[in-house]
Structures are given as C-alpha cells and as structure tokens.
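Presented below is the structure to which this report refers.
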Amino acid sequence: MAAAGRFLPLLLLLPLLLVGVAAAAASSVTYDHRSLIIDGRRRLLISASIHYPRSVPAMWPKLVAEAKEGGADCIETYVFWNGHETAPGQYYFEDRFDLVQFATVVKDAGLYLMLRIGPFVAAEWNFGGVPVWLHYVPGTVFRTNNEPFKSHMKSFTTKIVDMMKKERFFASQGGHIILAQVENEYGDYEQGYGAGGKAYAMWAASMALAQNIGVPWIMCQQYDAPEHVINTCNKFYCDQFKPNSPTKPKIWTENWPGWFQTFGESNPHRPPEDVAFSVARFFGKGGSVQNYYVYHGGTNFDRTAGGPFITTSYDYDAPIDEYGLRRLPKWAHLRELHKSIKLCEHSLLYGNSTLLSLGSQQEADVYTDHSGGCVAFLANIDSEKDKVVTFRNRQYDLPAWSVSILPDCKNVVFNTAKVRSQTLMVDMVPETSQASKPDHWSVFTERIGIWDKNDFVQNGFVDHINTTKDSTDYLWHTTSFNVDRSYPAGSHPVLNIDSKGHGVHAFLNNVLIGSAYGNGSESSFSVHMPINLKTGKNEIALLSMTVGLKSAGPYYEWVGAGLTSVKISGMKNGTIDLSSNNWSYKIGLEGEHYSLFKPDQGNNQKWRSQSEPPKDQPLTWYKVNVDVPQGDDPVGIDMQSMGKGLVWLNGNAIGRYWPRTSSSDERCTPSCDYRGQFSPNKCRIGCGKPTQRWYHVPRSWFHPSGNTLVVFEEHGGDPTKITFSRRVVTSVCSSVSENYPSIDLESWDKSISDDVRVAAKVELSCPKDKKISSIKFASFGDPSGTCRSYQQGSCHHPSSLSVVEKACLNTNSCTVSLSEEGFGEDICPGITKTLAIEADCS
C-alpha cells in the first residue's frame, strides 16, 4: 500500500503529461497568398493520388513508397461514401475500404495527406461516390439546397472527421492531414441548379468549417468559394489559374497526366515532356501545391466501382499504375523535375517575382530574395519553333514548348523537353501453363429469360436503374407474340430496339440473335437485328445491362437506363409494336442469386463437372482451379479470348471484363508530338485493338494452393485460352544529347562555378534482381526513333557498341559519359550528338 501511494501522484499526472506531449507535437497549418504555412514555414509541395479502394492493403506500402521516391511530399485521396455507408447508418471500413489503415501507411512513410472527403467525388467512380440508396430516400435531390441530401452528407462528413480526430491524424493534433476538401468541382455545375446551387455551395463550406479540424479546407473548381475556404484548380494546365482572393495560395488539386479510358475507345496518352512543362510553368507562375491525379493503384476491382463504361483499370500509362509499378515512360524525368523545383523553393516562396519578355513567345519568371538568391524559369511557349534566348547576357537554347529551370539564374539544371532519364520497357509475359486445367472445369448455364418466378409483370417498360437499384448489372424482360399461318415465307422481319443504355442481349426463341451497346460518350442506342420468326408463338427475352452509373453532371442521379421501344418491322401487316406488351421482369442472374462466385459455393449442385468446357456459348459460368503465377511480378489475367462479363478469384471481384475493340479509324498516331496543348483527342494509342486485355489480379488474393477462378461470360468466348501473365521489365532505353543539362541534382551547389562544364551522360538501371544481359542498340551520333525502334543516322561512332558493352554488360546499372574520354575524337564536327542505347534486362 505504501509503495502504491508513492506512485499515485505520478499516475494522476500521467494523462496531463501525455496531453502536453501531444500538444507539443501538433503542427500549425495556415496559409497566405504564397503557399501553405506549416509550423511557420512556407512550403512548396508535390502530391500524388492514391485512391485506396482502387488497390488492396498489401499494395499500399509499396505504392506510397514509390510516390515518395518519385519526389512526392504528400498523398491525395478521395473518401468513397458509397463504399463506406452501404446502407443508411451502416458503415464498412474493412479491407480495401480501411481508410484508417491507409492513412496510417501514409503517415508511417513520413508523407502528408490531403483528404478529399467530398463526399461527392466524381472520380470516374460509380454514381460519383454517392450511395445509390440515397437516391431513393423520399424527396432527395443530390448536390443542391435539399434538406435530405444535406442531412446525409453532413452525417457522413462528420463520421469521417470524427474517425480522423480519434486517430489524431489532423496536423493540428500532431498528425499528417494538412488539407481537407468538401464537395468536388461543383463550380462547373452550380448555375445548373439555380438559386439552390449557390445556397448549397455556401452551406457545404460552412458545414465543413464547423467541423473544427484545425487545417484548411479546399473546394476545387469552386469559383465563388467563401473567404476561409481555398478554391483550387483541376485541369491539364493551371499556370494561369488565380484564386478568387489575393489572400489564398495557388493550389493545383488535379494535374491530369492521362485521361480516363472507356470500353471501346482508344487511350489518350499524354507525353511526359508536356506533363513536366505544365508543372514547371505552374511553379514558375507562383504555384505552391501540385497533385498528380493519376489513380496510383488505379483499378476498379468490384462491379460497383467504375463509372459508366469506364474500363476496369484507369490511366494505363500512369506513373504508378494499377500494377503498382512505374509505367509512364520516363517517370524519372518528373522525379528530376521535382528535385530541380525544390532547389528553387526558398526564392519561389519568399522572393520577389519579375516577368521578363525574352521574345514574342518566350519569357522568364525571375524570383530574387533578400539573401541574394535568384531563380529563373525560362519558357518557350511556341509549339513549333526552338529558340535561342538571351537572359542576363547569356544565351540559352529553349526547345519548343519547354521550360528551363535555373536555380541560380545562371545554370540550367533541367529542361522539360530534354528527357535524360531512362525508359523501362515492360512486357506481359504469359505463364507457361494456362490458367485452366481440363479435368477441373465446372460449368453452369443460365436459363434464358425468367429463371424463377418473375419479380413483377407490367405493360410497357420500366427504368432499369430504378428497378435494380444497381444491385446487379442485369435485368431480364420477356414477352411473347403469335405469328399466324399466313406469315409469308419470303418476309424479312427486323427486330428494332431502342434503349437509354447501356447494353442489351436479345434472344428469340432461346437463341441469341445479337447484342448492342452504347458508349462512354452516349449511353443510349438503337439497334436493328434481322430475325427469323416461326408460325405460332414466338418468345423474346431481352437482357438489359448497365456498365456502371453516371458519375457527374447536373441532376446526374436522374439519368436512367433501359429499354424504351421494341418493334418488329418488315411484316406483311405492318410493324408490330411490342413496347406496350405485357412484359415479365426478373432482376439479376440465377448465378448471382446463388452467389456462385463465392468460395463456399464451390460444391453448389448448380455446377456441373466437364472435361472440356463449352466455347462460344452465351450466359455461361465457368469455374476452374488455377495455380499461383511464379515469382513476385505483378499479375494480370488475359481475357482476350472472352467476350464480356465478370470474373472473380477466390471470391474476390476482379471486376467487369470487356476486351471491346476500339475503332480503327480514330486519330491514332504512331508517334506523339509533345509540343502544344494536350487534349483528350491528342496522342491517342490503341486504335483497332482491345480497349483492355489484361486485368490486374493482386498477388495477395492468391492462396499458396487451391485457387478458384470463376468467370461469367455473357455472349461467348473460349475459356481455355484464359491465361495469367506477369508484368516484367524486359529492357531499358535511354537517349541523351550533348546539350542536355548535366548537373548532378543530388550534389548541386549554387556556389558552383558556372565555367564548369560536365559532359552529359546516359544512366541505365535494370530492376534490382536483374542485370544488363545484352546491348540491342547503341549509337553515338545522330540516331533517330524511339525505344525499340532506334535507327542509326548519317553520323555514327564505330565504337558505340563496344564502349557501351564495356561499361554496362553483366551489371545491374551503369553510366556512359558522352565525353571525349569515352568516345575519343569528334567524328562529326558541328553536329550536336546523341547517345541512344537499348539494353536487355534478365
């Protein structure tokens, strides 16, 4: 008792001591017209998007680490309301939706977090992230001055804020959340809601500020954001953006390095030179926070995640893609850009700025500070012509559409058009054995039409979405009609279907006669299918489908889907209009009803074992045992042999697959000119090819053995050709010219003599477990082409290959200098020479 008494005062004091420690660790986050101010210091921040439900928890540490390695100070994510509040007041924060675990991973990596709560997010995410159930709460209208919507929005926002406060994640509590966002891109639609739009926007801002989180709130694309909320920019270019108040900093919440891809459309591909140009211009023009909006991890795994017609994987060429690896060619180019910008941070944030004209389309943004520091961003915004400009009595080469960064107003450490970093070339390598084993197939074929008691019968059509409430993609419609004996043999009847979207499979007398779909631009469609009728009763079964729900736009929740008209033309007695017929309806598929994709349904009697699975058969479920792909490379499942449907591994939804071929007459080009403003119609690739062939399968979803793959195929394919492929770096390339900046950014010092000239160099590096096994191409001179298509020019040093092989063969990484010591006498005087190398990694 005496000993306990001696320690009692300390025990009573302990909570107060802990509170004091927490308070001491708290950070102050404010802002002025130049930047965010963290603990009294202005900060220039690079951020990267990682949307946690688009990857799995096992991937998060690596994704965050790679973003940090690329120069990110901060991670941005939305909060996905419909993934968390699955029913009114019922919450889910497990697995991919474990927001606390994700935020902890970011914190443990030493990075800040930008939490965009929304809770409307758009994000090419189903229904813009708003729960579908909310649409059916009586009297609810989304995103306007509507009490039911505001009540649920406030409740969810408070739920998320309270969770973050409980974990002490806000910087004001000693955590790492430095910014929070309410709503999303509402300014572009506000006028469409009339007076209710303005009132709602101001209410949302007021509701957010009342949460008292101790860090600033932002509203992107909100041109009338109130005084204490920062409005931010979402575009391809934000250098000309100005906040709506001189007291607010210039923040770029979404820099789009790519563009979303829809089923059946080619993929817009933004060149890294242009991405770098946009970033350099932004910071040169006074920007302070820039976020790459690239969906690191970018996969919509389950059926409900994607927006309308959005492919399962977003941003195929994002810097860190759905496979968890750097994919954008020359991602290291942006990493060098970030290092160069950070060399300028103090002068950019504390210096006085001056804009100098260097020509008709050339200019210099110059910042000088009181300590004598000086930085300059020299820009050539001419999209065609290279220029030589004079700045402070020195001449500088400025390629078209480029920015040169001078941290001391003398030496160029980086030019956005001069890519000196290597390109990793990646191949999808199929496993030697197929994903299937012939003796382990199980098959279930859906019954066409009403597979059990109908859900209801009605004259005419219903809205597809209002009927299914997005619980499934599928809604059956069936009806019948009679053809009398006088039906002429020579008739050519046609089935005509009009639909608001998104797709339909049409069956006549239990035979698939055709399919039709809308697209990402226009979900509605009409189709005309020649048919053969029989005398007597004819049965029509139409399987209407959705492919994700609309994710943005004024009153977007009211945009419907489904059939609107069904007629048969070409008949002797005129057109038969079946639209007002008596239609029977059935929601969903029989296989969905029995949850055949779940592991505990492996022995369901619906499954039938077959040594050889049926091919080209519609409405068929397949189940097969698969092995774990070897190694630790990222894995994709190749669905090119299939038509359209859904796929699961061990009960985990990989998502929709649809290797829909894009049009071959779109404006795809064999090469892409980075110069000039980018738009979604520029630099398109993949014309005439499947929109998506491989679908990411997280390795954490595989068991050591006993893995089960389940596929539902809608209109027919060959399941025996489904294979797993590993995503493997097979080669590296680099092309560097003599006039490229050659200063080492890691050791650069502003006191360096500007008379020192270091020769440019090529650096190559294979993944850590591989070595450079061969040199496929090497030319020092004036080679042309790009990686895997390099060609020698008229100037070629004969020792190019031997010099490179000596430096690089059988090493993991190597450096080759473009100096006279390396290549000897100049064999092509007067020509700016380039060293281009392609090397195999194995």
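The values are calculated or read from the model by the stated rules, or taken from the named source; none is laboratory data. Please read these numbers as outputs of a predicted model, since none were measured by experiment. No Cβ is skipped: glycine too gets one built from the backbone with ideal geometry, and neighbour counts run over all protein chains shown. Calculation scope for accessible area: heavy atoms of the full protein, side chains included, ligands and nucleic acids excluded. Shrake-Rupley method; radii C 1.70, N 1.55, O 1.52, S 1.80 Å.
Structure notes:
- Region 614-648: number of residues that are touching a helix residue (DSSP H, G or I) at 6+ places or on another chain (Cβ under 6 Å) and under 26 Å from Ser544 (Cα atoms): 3
- Residues of region 445-502 that are hydroxyl-bearing (Ser, Thr, Tyr) and open to solvent by 60 Å² or more (accessible area, probe 1.4 Å): Thr445, Ser471, Ser486.
- Failed item in (1) at pLDDT 95 or above; (2) open to solvent by less than 20 Å² (accessible area, probe 1.4 Å); (3) over 28 Å from Thr472 (Cβ atoms), with Val105 passing the rest: (2)
- Taken as a whole, the structure places Gly372 among residues that are farther than 21 Å from Asp32 by Cα, surrounded by fewer than 18 Cβ atoms within 10 Å (Cβ to Cβ) and modelled with pLDDT under 95.
- For Ser774, the criteria (1) loosely packed, with under 15 Cβ neighbours inside 10 Å; (2) at pLDDT 95 or above; (3) out of contact with any helix residue (DSSP H, G or I) (no Cβ under 9 Å at 6 or more places or on another chain) hold in every case but one, which is (3).
- Positions within region 638-671 being in a strand (DSSP E or B) and within 24 Å of Leu543 (Cβ to Cβ), in sequence order: Gly645, Leu646, Val647, Trp648, Ala653, Ile654, Gly655, Arg656, Tyr657, Thr661
- Restricting attention to region 785-803 and to residues that are farther than 17 Å from Thr423 by Cα, among the small types (Gly, Ala, Ser) and assigned to a loop (DSSP other than H, G, I, E, B), the residue that is most open to solvent (accessible area, probe 1.4 Å) turns out to be Ser794.
- Each residue in region 601-612 was checked for being in contact (Cβ under 8 Å) with a residue 40 or more places away in the chain, outside any strand (DSSP E or B) and open to solvent by 40 Å² or more (accessible area, probe 1.4 Å), and 3 pass.
- The residue that is nearest to Lys285 (Cα to Cα), counting only those in region 375-388 that are open to solvent by 10 Å² or more (accessible area, probe 1.4 Å) and under 37 Å from the mean Cα position of the chain (by Cα), is Ile381.
- Beta carbons closer than 6 Å, at least 6 apart along the sequence or on distinct chains, pair a first residue in region 714-738 that is under 30 Å from Val804 (Cβ atoms) and open to solvent by less than 10 Å² (accessible area, probe 1.4 Å) with a second that is among the small types (Gly, Ala, Ser) and part of a strand (DSSP E or B) for Val732/Ala839.
- Residue selection: Tyr556 satisfies the criterion of being under 28 Å from Thr140 (Cβ atoms), of a type in the set (Ser, Thr, Tyr) and under 36 Å from the mean Cα position of the chain (by Cα).
- Qualifying residue in region 54-66 (condition: touching a strand residue (DSSP E or B) at 6+ places or on another chain (Cβ under 6 Å) and either surrounded by fewer than 17 Cβ atoms within 10 Å (Cβ to Cβ) or not in a helix (DSSP H, G or I) (or both)): no
- Whichever residue in region 234-262 is under 18 Å from the mean Cα position of the chain (by Cα) and outside any loop (DSSP other than H, G, I, E, B) and, among such residues, is nearest to Ser288 (Cα to Cα): Trp252
- Close Cβ contacts (under 6 Å, 6 or more residues apart or on different chains) running from residues in region 22-47 that are more than 18 Å from Ile230 (Cβ to Cβ) to residues that are of a type in the set (Ser, Thr, Tyr) and modelled with pLDDT of 95 or more comprise Ala26/Ser172; Asp39/Ser28.
- Unique match (being in contact with a Cys (Cβ under 7 Å, 6 or more places away or on another chain) and open to solvent by 20 Å² or more (accessible area, probe 1.4 Å)) among Asp769, Asp782, Asp826, Asp840: Asp782
- Taken together, Gly118, Gly71 contain a single residue that is within 23 Å of Gly175 (Cα to Cα) and open to solvent by 10 Å² or more (accessible area, probe 1.4 Å), which is Gly71.
- When restricted to residues that are open to solvent by 10 Å² or more (accessible area, probe 1.4 Å), in contact (Cβ under 8 Å) with a residue 40 or more places away in the chain and either closer than 17 Å to Leu179 by Cβ or of a type in the set (D, E, K, R) (or both), region 217-240 contains 1.
- Any hit, region 177-184, residues being open to solvent by 10 Å² or more (accessible area, probe 1.4 Å) and not in a strand (DSSP E or B): no
- In region 711-764, residue modelled with the lowest pLDDT [restricted to those that are small (Gly, Ala, Ser) and outside any strand (DSSP E or B)]: Ser753
- A count restricted to region 507-553 and to residues that are touching a Ser or Thr at 6+ places or on another chain (Cβ under 7 Å) and either free of Cβ contacts under 8 Å to residues at least 40 places away in the same chain or farther than 18 Å from Thr620 by Cα (or both) stands at 9.
- Residues satisfying the stated conditions in region 539-573, i.e. among the hydrophobic types (A, V, I, L, M, F, W, C), open to solvent by 10 Å² or more (accessible area, probe 1.4 Å) and within 21 Å of Ser521 (Cβ to Cβ): Ala552, Trp558, Val559
- Hits in region 416-431 - residues which are farther than 30 Å from Cys374 by Cβ and not in a strand (DSSP E or B): Gln422, Glu431
For (1) open to solvent by less than 10 Å² (accessible area, probe 1.4 Å); (2) among the polar types (S, T, N, Q); (3) at pLDDT below 95, each residue gets a yes or a no:
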{"residue": "Val279", "(1), (2), (3)": "yes, no, no"}
{"residue": "Gly297", "(1), (2), (3)": "yes, no, yes"}
{"residue": "Arg303", "(1), (2), (3)": "no, no, yes"}
{"residue": "Gly307", "(1), (2), (3)": "yes, no, yes"}
{"residue": "Ser313", "(1), (2), (3)": "yes, yes, yes"}
{"residue": "Lys330", "(1), (2), (3)": "no, no, yes"}
{"residue": "Ile341", "(1), (2), (3)": "yes, no, no"}
{"residue": "Gly351", "(1), (2), (3)": "yes, no, no"}
{"residue": "Leu355", "(1), (2), (3)": "no, no, no"}
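- Helices (runs of 4 or more DSSP H) wholly inside region 83-176 containing at least 3 residues that are among the aliphatic types (A, V, I, L, M) and on the phi < 0 side of the Ramachandran plot: 99-108, 147-166
- The condition (being exposed (fewer than 15 other Cβ atoms within 10 Å of the Cβ) and either of a type outside the set (Lys, Arg) or in contact (Cβ under 8 Å) with a residue 12 or more places away in the chain (or both)) is satisfied by just one residue among Lys682, Lys615: Lys615.
- Residue within region 550-573 that is more than 16 Å from Asp498 (Cβ to Cβ), touching a His at 6+ places or on another chain (Cβ under 7 Å), among the aliphatic types (A, V, I, L, M) and in a loop (DSSP other than H, G, I, E, B) present: no
- Selection status of Ser49, modelled with pLDDT under 95 and within 25 Å of Ile251 (Cα to Cα): yes
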